[in-house]
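The values are calculated or read from the model by the stated rules, or taken from the named source; none is laboratory data. Every value quoted in this text rests on a predicted model; they were computed, and no experiment measured them. Here the Cβ is made from the backbone with ideal geometry for all residues, glycine too, and neighbour counts use every protein chain on show. For accessibility, only protein heavy atoms count, side chains too; no ligands or nucleic acids. Shrake-Rupley method; radii C 1.70, N 1.55, O 1.52, S 1.80 Å.
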Amino acid sequence: MTPSRKTGKPDDERGRTLLFRAAAVLALLLMSTLLLSPAAAQIVRANPAPRVSLTYIAGSTVKVEQLIGDVDYQTRAPTASQTVTRYDILGNDIASSFEDNGRALFLFGDTISSDTSKVKYNAHDPIAWSTSTDPTEGLVLNFYTNADGTPLFVEPPGVAMGPDDVPNAGISLPDGIYLVINTGSDTSLPDPHVNDYSVLSRFDEASKTFTTGRTISRLPGGHFVITSLHLSGSDVLMFGTGAYRASDVFLATVPASSFETGEGTRYFAGLVRGQPTWTTSESGAVPVLQDNPTNGPAWPNDNPTIGNLSVIYSKDLGLWLMTEDGGRQTPKTAGVYFAYATAPWGPWSTPQLIFNSVRDKALGTFIHDPSILPDPPGDGLNGPTIGGNDPYMTRGADYAPNMIERFTTVSRGTLTIYYTLSTWNPYTNVRMRSQFQILPEAPRALPLR
């Protein structure tokens with residue numbers, strides 16, 4: 001037996017040692033996979049270690065178009081959807097979208113009709129669809145309507161749909177279309193959202209009806225009052241926030257086959273040696289992403305401010321992408337954030353601030369700034385009041401940055417995302433665009449032995 005030059009061991013003994021080590025590594029990999037659910041294991045296999053990093057391109061965030069109304073308040077150009085002329089929809093609150101058999105379905109929050117309308121919508125919530133696929137063209141929304149031409153509103157039986165009660169997410173599964181409604185708001189209380197909870201509802205497109213399902217999460221203590229849904233393998237991934245604008249981001253997974261009943265729901269309980277752990281108790285959930293731009297105390301002693309979020313999957317990059325409104329700890333950190341991860345449970349990248357209304361010069365252009373008098377050209381206002389306040393004295397806001405998955409593009413080393421954004425004053429929704437440089441991830445140093 002000839003000794004190895006490096007170890008001094010016989011070659012056959014060295015070979016047995018290497019074979020043993022390889023077998024041990026394989027066994028560990030198989031064991032870690034078996035610890036996951038079949039769907040989670042499928043995600044692990046489909047999501048190797050990230051090979052790229054995404055860096056926000058400074059100054060790339062721009063408003064593409066105004067979605068609601070007949071005239072863009074900033075540019076004075078006609079909107080693509082002409083929602084006043086076609087549906088008597090002048091303005092609304094949050095907008096979110098999801099894919100459904102070649103179309104994108106859009107859910108909208110509290111809606112107002114035109115100033116001249118004799119019909120008052122009382123903050124009800126319409127639903128629309130679109131077949132637009134080119135992000136460089138106008139997004140055309142087609143609202144569902146009743147027989148008399150009025151908008152169809154999301155109204156599950158027995159669910160209050162008044163001010164601040166809105167559909168916030170949806171998903172198309174083989175057995176139907178599901179919506180998550182966040183309800184329970186009471187605008188007479190100091191904190192209108194203190195009793196909020198989320199309810200599952202089914203939408204029957206043929207009959208244009210909604211049925212009421214299970215309660216998903218409830219305050220206080222709930223983590224999935226506002227959600228973002230995405231199918232992954234045979235599971236529905238549910239990302240969520242709890243207390244409004246006072247939450248980090250949490251994750252739950254539900255078998256798609258039992259999504260209607262919620263049977264088999266598991267909540268992310270943290271990473272152990274890089275692998276996810278789960279609990280069947282919502283109270284045991286821990287965040288997958290924290291809103292902590294000032295590097296303050298860690299969860300659960302942090303002071304998070306996330307309200308709305310969206311999560312999509314980029315097949316081109318093999319990455320999960322997230323946008324959320326947070327950073328409200330200071331004016332300079334407030335705005336829209338972006339993060340990414342190889343697996344839905346992370347670890348997620350450090351959130352990057354991709355939109356701040358002051359930094360990106362949105363105030364006084366397409367978001368109202370009452371300190372600028374007279375109003376700058378194009379700073380349009382609508383409605384007699386904004387939340388009961390004088391519209392000329394009410395500052396606009398940016399919130400609910402919800403990505404439009406079909407518009408995500410990867411080209412020439414650049415990732416481009418498009419998302420809806422609510423502006424409060426004017427009371428409308430706009431479509432935004434942000435870009436990121438795709439760079440090879442720095443190689444990780446191997447541990448010394």
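Summed over segment 421-436, residues that are touching a strand residue (DSSP E or B) at 6+ places or on another chain (Cβ under 6 Å) and farther than 19 Å from Gln352 by Cβ total 8. Inside segment 99-118, residues that are in contact with an Asp or Glu (Cβ under 7 Å, 6 or more places away or on another chain) and part of a loop (DSSP other than H, G, I, E, B) make up a count of 5.
Consider Leu289 against the criteria (1) surrounded by fewer than 24 Cβ atoms within 10 Å (Cβ to Cβ); (2) touching a Pro at 6+ places or on another chain (Cβ under 9 Å): it satisfies all of them except one. Which criterion is unmet? For Leu289, the failing item is (1). Could you tell me whether any residue of segment 180-188 is in contact with an Asp or Glu (Cβ under 9 Å, 6 or more places away or on another chain), part of a loop (DSSP other than H, G, I, E, B), modelled with pLDDT under 95 and open to solvent by 30 Å² or more (accessible area, probe 1.4 Å)? Yes: segment 180-188 contains one or more residues that are in contact with an Asp or Glu (Cβ under 9 Å, 6 or more places away or on another chain), part of a loop (DSSP other than H, G, I, E, B), modelled with pLDDT under 95 and open to solvent by 30 Å² or more (accessible area, probe 1.4 Å). For the list (1) in a loop (DSSP other than H, G, I, E, B); (2) within 30 Å of Ser234 (Cβ to Cβ); (3) open to solvent by less than 30 Å² (accessible area, probe 1.4 Å), I need the number of the one condition that Pro167 fails. With (1) in a loop (DSSP other than H, G, I, E, B); (2) within 30 Å of Ser234 (Cβ to Cβ); (3) open to solvent by less than 30 Å² (accessible area, probe 1.4 Å) applied to Pro167, the lone miss is (1).
When Glu405 is tested against (1) open to solvent by less than 20 Å² (accessible area, probe 1.4 Å); (2) within 23 Å of Thr61 (Cα to Cα); (3) modelled with pLDDT of 70 or more, exactly one condition is not met: (1). The C-beta contact set for segment 317-340 (first residue over 21 Å from Ala169 (Cβ atoms), second residue aromatic (Phe, Trp, Tyr), distance under 6 angstrom, 6+ apart or interchain) comprises Gly335/Phe355.
Residues in segment 198-232 that are among the small types (Gly, Ala, Ser), assigned to a loop (DSSP other than H, G, I, E, B) and either open to solvent by 20 Å² or more (accessible area, probe 1.4 Å) or within 19 Å of Pro157 (Cβ to Cβ) (or both): how many? I'd like the intermediate steps shown before the answer.
Pass one, segment 198-232, residues among the small types (Gly, Ala, Ser): 198, 201, 206-207, 213, 217, 221-222, 228, 232.
Next cut, assigned to a loop (DSSP other than H, G, I, E, B) only: 206-207, 221-222.
Narrowing further to those that are either open to solvent by 20 Å² or more (accessible area, probe 1.4 Å) or within 19 Å of Pro157 (Cβ to Cβ) (or both): 206-207, 221.
So the count comes out to 3.
Of all the numbered requirements in (1) under 23 Å from the mean Cα position of the chain (by Cα); (2) under 29 Å from Tyr418 (Cα atoms), Asn195 misses one, and that requirement is (2). Looking at the structure I just gave you, is Ala104 small (Gly, Ala, Ser) and in contact with a Pro (Cβ under 9 Å, 6 or more places away or on another chain)? When the stated conditions are applied, Ala104 does not pass them.
Among residues of segment 112-127 that are open to solvent by less than 40 Å² (accessible area, probe 1.4 Å), those with a beta-carbon under 8 Å from a residue that is of a type outside the set (S, T, N, Q) and at pLDDT below 85 at least six positions away or on a different chain give the pairs Ser113/Val119; Ser113/Lys120. The listed residues are Phe106, Phe143, and the only one of them that is touching a residue at least 12 places away in the same chain (Cβ under 8 Å) and under 24 Å from Glu324 (Cβ atoms) turns out to be Phe106. Of note, Arg214 satisfies the criterion of being modelled with pLDDT of 95 or more and touching a Leu at 6+ places or on another chain (Cβ under 9 Å). For residues in segment 254-278 being open to solvent by 40 Å² or more (accessible area, probe 1.4 Å) and part of a loop (DSSP other than H, G, I, E, B), which is farthest from Phe224 (Cα to Cα)? Among those that are open to solvent by 40 Å² or more (accessible area, probe 1.4 Å) and part of a loop (DSSP other than H, G, I, E, B), it is Arg273.
When the residues of segment 236-277 are filtered to those that are out of contact with any strand residue (DSSP E or B) (no Cβ under 6 Å at 6 or more places or on another chain) and among the hydrophobic types (A, V, I, L, M, F, W, C), the one that is nearest to Leu179 (Cα to Cα) is Ala243.
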